[in-house]
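**Student:** This structure is in structure tokens; I'll ask about it shortly.
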Amino acid sequence: MSSHIRQEERTQRRDRSNMLIIISDEHRKDAMGCAGHPIVKTPNLDALAARGTHFTNAYTPSPMCVPTRAAIATGDHVHKTRYWDSASPYDGRIRSWMRHLRDQGVKTVSIGKLHFRSAEDDNGFSEEILPMHVVGGVGWTIGLLRETPQPYDAAAELAADVGIGNSSYTDYDREITKAAEAWLQNTADPDQPWAAFISLVSPHYPLTCPEEFYTIYDPARIDLPVGYENRFRPEHRELRNLAGFFDYEKYFDEQRMREAKAAYYGLTSFMDDCVGRILKALEASGQAEDTVVIYVSDHGDMMGDQGFWTKQVMYEQSAGVPMILAGPGVPKGRKVATGTSLIDLAATALDATAVSQDEISRALPGVSLRQLAREPDDPDRTILSEYHDGGSTTGTFMVRWQQWKYVHYVGHDPQLFDLATDPNELRDLVALQSDGAFALAALAEGERRLRGICDPDAVNALCFADQKARIEELGGEEACRTAYCFNHTPTPNEQEKMRQASALRT
């Protein structure tokens, strides 16, 4: 092929970009320099935001890994796909946006954590490199037992793992980063459009951090969690249920808390370093100008705020996610306040790669982030998150719009927060029995917006019915209680060792 023809083809592809999604795990949205954090150092993410657009009101479809990963793949809400929980992983039953791209000639590759059921399913990728799927193709089963809650002894591991050193997760992230560098430098084809989904696991616990990153942060100078000094704890009944199941807080005195936050910040900087290496490899490949880059995380981490650790709740630190977009067609140095969701990634993928849409893709609720980046802020856009997993006794639904956050608990009182005047969510206007007309109107509006998306009572009933059937499918409650109980998913290497050990026993 002559150089003239090759150049002409590249010119024709200007509207058809490559797409590189880099997704971390459990990175709270405020833990970045570009988000204004006074302590956390994320120079590579800050540089990405400077050359692109930072979405400041981005949310997860569910504050839990497995249902969120399924929602990202399908581009749809959890209650629509019915991948409810950590034992109902994505299995290819519903077409993914990756498959839609692949079927139209786009090379699709994943590198790292997926948290789907199995590589044997058609997840939509042309190639899966170093994939981490759920354990045994099943997942975390104790969370299914919502009607008969069980003790979750693994909670103690969170505090026990805090410290300096390498973990299986940091080792895995190094492998993922090297594989991504190699793929971008040697495999990504400048003459064929591609979409790469590179998925790191940091800063997800275990909170064991490589020394060079841990020592950036002095535990004695770490910021205290929200509500720590006056021991603020939400009184809401369902939040107490969750806190009782995930009882991480009881393992943290002040010193351990400071060390844990230092390790989390260190792991965030470690992850940022991995991101920097991946972006440098993209630049070296000569394709940076033709590639839309997205950085997100699957959910956040409470890190002791309001007495909670990890995720599962609808506070900003858990349900909010970082989201940065850069590349062709994206404004530089812009902050967008329009509400966004990880389900918008599917629409963004179709937009960036310029594949044709069909009836299925047009019916999805997401909007391209490139479109939102170019439009004026729309504070009225409604964003939904929901939780139906371990520790909960009922379905939880969060709705965000303007300055309001409405949290609906089926069978319990709702919550309402005005984030403009109460960004730390310490004043639940329902619990305070606020009778101001402004708050009462917002409360009614929140429920109206939720019911415009789904019927929470019907969704809750359907979820419990599906989970009951799943429990029976897996062998009953005793099997769910004992078969797959762990604190974090083992890496592919660890899962292979588990399989070998099981084979030797049998």
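Where a number appears in this text, it was derived from the coordinates with a stated rule and is not lab data. If you're wondering where the values come from, they're calculated on a predicted model, not measured in any experiment. A quick note on method: Cβ atoms are made from the backbone with ideal geometry, for glycine too, and the neighbour counts reach across all protein chains shown.
**Student:** On full extension of the chain, what length is gained from residue 253 through residue 444, given 0.36 nm per residue of separation minus the C-alpha to C-alpha distance?
**Tutor:** Net length gain for the segment: 64.7 nm.
**Student:** Can you list residues whose amide H is under 5 Å from residue 209's amide H, if they're 5+ apart or on another chain and H is modeled 1.01 Å from N?
**Tutor:** Placed amide hydrogens put 163, 164, 165 under 5 Å from residue 209.
**Student:** Amide H to amide H, which residues 5 or more places from residue 132 or on other chains are under 5 Å from it, using H placed in the peptide plane?
**Tutor:** Those qualifying (amide H under 5 Å, at least 5 residues apart or on another chain) are 112, 113, 114, 115.
**Student:** Continuing with the same structure: Work out, in µm²/s and without decimals, the Stokes-Einstein translational diffusion coefficient of the range 245-288 at 20 °C, 1.002 mPa s, Rh from Kirkwood over C-alpha pairs.
**Tutor:** It diffuses with D of about 166 µm²/s by this estimate.
**Student:** Consider all pairwise Cα distances in the range 6-114 and report the whole-number % of them above 18 Å.
**Tutor:** When every Cα pair of the range 6-114 is considered, 63 percent fall beyond 18 Å.
**Student:** Tell me, what HN-Hα J-couplings in whole Hz come from the Karplus equation 6.51 cos²θ - 1.76 cosθ + 1.60 at θ = phi - 60° for each residue of the range 140-150, using x for Gly and Pro?
**Tutor:** Working through the residues one at a time gives 9, 8, 4, x, 5, 7, 6, 7, 10, x, 10 Hz.
**Student:** So, one more: Step through the residues of the range 78-88 one at a time and calculate ³J(HN,Hα) from phi using the Karplus curve (6.51 cos²θ - 1.76 cosθ + 1.60, θ = phi - 60°), rounding each to whole Hz and writing x for Gly and Pro.
**Tutor:** Per residue, the Karplus-derived 3J(HN,Hα) values read 4, 5, 7, 8, 6, 8, 6, 8, 6, 10, 10 Hz.
**Student:** In percent, what relative contact order does the range 318-405 have, based on Cα pairs under 8 Å that are 6 or more apart in sequence?
**Tutor:** Computed over the range 318-405, the figure is 29 percent.
**Student:** If you don't mind, there's one more thing I want to ask. Let's test the formula: R0 of 30 Å, r as the Cβ-Cβ distance of residue 360 and residue 187. What FRET efficiency results, to the nearest 0.05?
**Tutor:** E(calc), rounded to 0.05, equals 0.55.
**Student:** Among 207-214, 456-463, how do they line up by average Cβ neighbours within 10 Å per residue, starting with the highest?
**Tutor:** 207-214, 456-463
**Student:** Something else now. Given a Förster distance of 35 angstrom, what is the FRET efficiency for residue 426 paired with residue 478, based on the Cβ-Cβ distance and rounded to 0.05?
**Tutor:** 0.25
**Student:** What ranking do 388, 77 get, fewest neighbouring Cβ atoms within 10 angstrom at the top?
**Tutor:** By the 10 Å Cβ count, ascending, the order reads 77, 388.
**Student:** Counting alpha carbon pairs within less than 8 Å and at least 6 residues apart, what relative contact order, in whole percent, applies to the range 376-506?
**Tutor:** Here the relative contact order equals 15 percent.
**Student:** I've got another one for you. Find how much the distance from residue 160 to residue 174 grows on full extension, using 0.36 nm per residue of separation minus their present alpha carbon separation; answer in nm with one decimal.
**Tutor:** Once the chain is fully extended between residue 160 and residue 174, it gains 2.7 nm.
**Student:** Beyond 46 Å, what share of the Cα-Cα pairs of the chain remains, rounded to the nearest whole percent?
**Tutor:** The calculated P(r) of the chain puts 7 percent of pairs beyond 46 Å.
**Student:** Still on this structure, I have one more. What ranking do 494, 254 get, fewest neighbouring Cβ atoms within 10 angstrom at the top?
**Tutor:** 254, 494
**Student:** With an 8 Å cut-off on Cα pairs and a minimum separation of 6 or more residues, tell me the relative contact order of the chain in percent.
**Tutor:** Rounded, it is 25 percent for the chain.
**Student:** I need the peptides 193-202, 444-453, 91-100, 224-233 ranked by packing, meaning the mean over residues of other C-beta atoms within 10 angstrom, with the highest value on top.
**Tutor:** Order by mean packing, descending: 193-202, 91-100, 444-453, 224-233.
**Student:** Provide the convex hull volume over Cα atoms per residue for the range 195-269, in Å³.
**Tutor:** Looking at the range 195-269, the number lands at 143 Å³ per residue.
**Student:** Quote to one decimal, in nm, the extra length available between residue 433 and residue 46 on full extension: 0.36 nm per residue of separation minus the C-alpha distance between them.
**Tutor:** 135.2 nm is the gain from fully extending residue 433 to residue 46.
**Student:** A further question on this structure: What value, in deg cm²/dmol to 500, does the helix sum -39500 (n - 2.57) over DSSP H runs of n ≥ 4 give at 222 nm once divided by the residues of the chain?
**Tutor:** Theoretical 222 nm ellipticity from helices: -11000 deg cm²/dmol.
**Student:** Right, here's the next one. Report the calculated FRET efficiency for residue 229 and residue 496 (r = Cβ-Cβ distance, R0 = 45 Å), to the nearest 0.05.
**Tutor:** Calculated transfer efficiency: 0.45.
**Student:** Give the distance, in whole Å, between the Cα centre of the range 105-175 and the Cα centre of the range 251-281.
**Tutor:** What the calculation gives is 19 Å, centre to centre.
**Student:** For the range 275-400, state the semi-axes of the equivalent ellipsoid (square roots of 5 times the eigenvalues of the alpha-carbon gyration tensor), sorted largest first and rounded to whole angstrom.
**Tutor:** For the range 275-400, the ellipsoid semi-axes come out as 29, 20, 14 Å.
**Student:** Hey, any idea what the orientation-averaged projected area of the convex hull of the range 353-487's Cα atoms comes to, in nm²?
**Tutor:** 12.6
**Student:** So, one more: Counting pairwise Cα distances across the range 99-159, what percent come out greater than 12 angstrom?
**Tutor:** For the range 99-159, the share of Cα pairs beyond 12 Å comes to 74 percent.
**Student:** In sequence order, what are the phi-derived ³J(HN,Hα) couplings for the range 279-285 according to the Karplus relation 6.51 cos²θ - 1.76 cosθ + 1.60 with θ = phi - 60°, rounded to whole Hz, with x for glycine and proline?
**Tutor:** Residue by residue, the range 279-285 yields 5, 5, 5, 4, 4, 5, 6 Hz.
**Student:** Could you compute Rg(Cα) / (2.2 N^0.38 Å) for the range 145-226, with N its residue count?
**Tutor:** Cα-based Rg divided by the globular estimate yields 1.59.
**Student:** Let me ask you something else. Neighbouring Cβ atoms within 10 Å as the yardstick, rank 421, 482, 177 fewest first.
**Tutor:** Going from sparsest to densest Cβ surroundings: 421, 482, 177.
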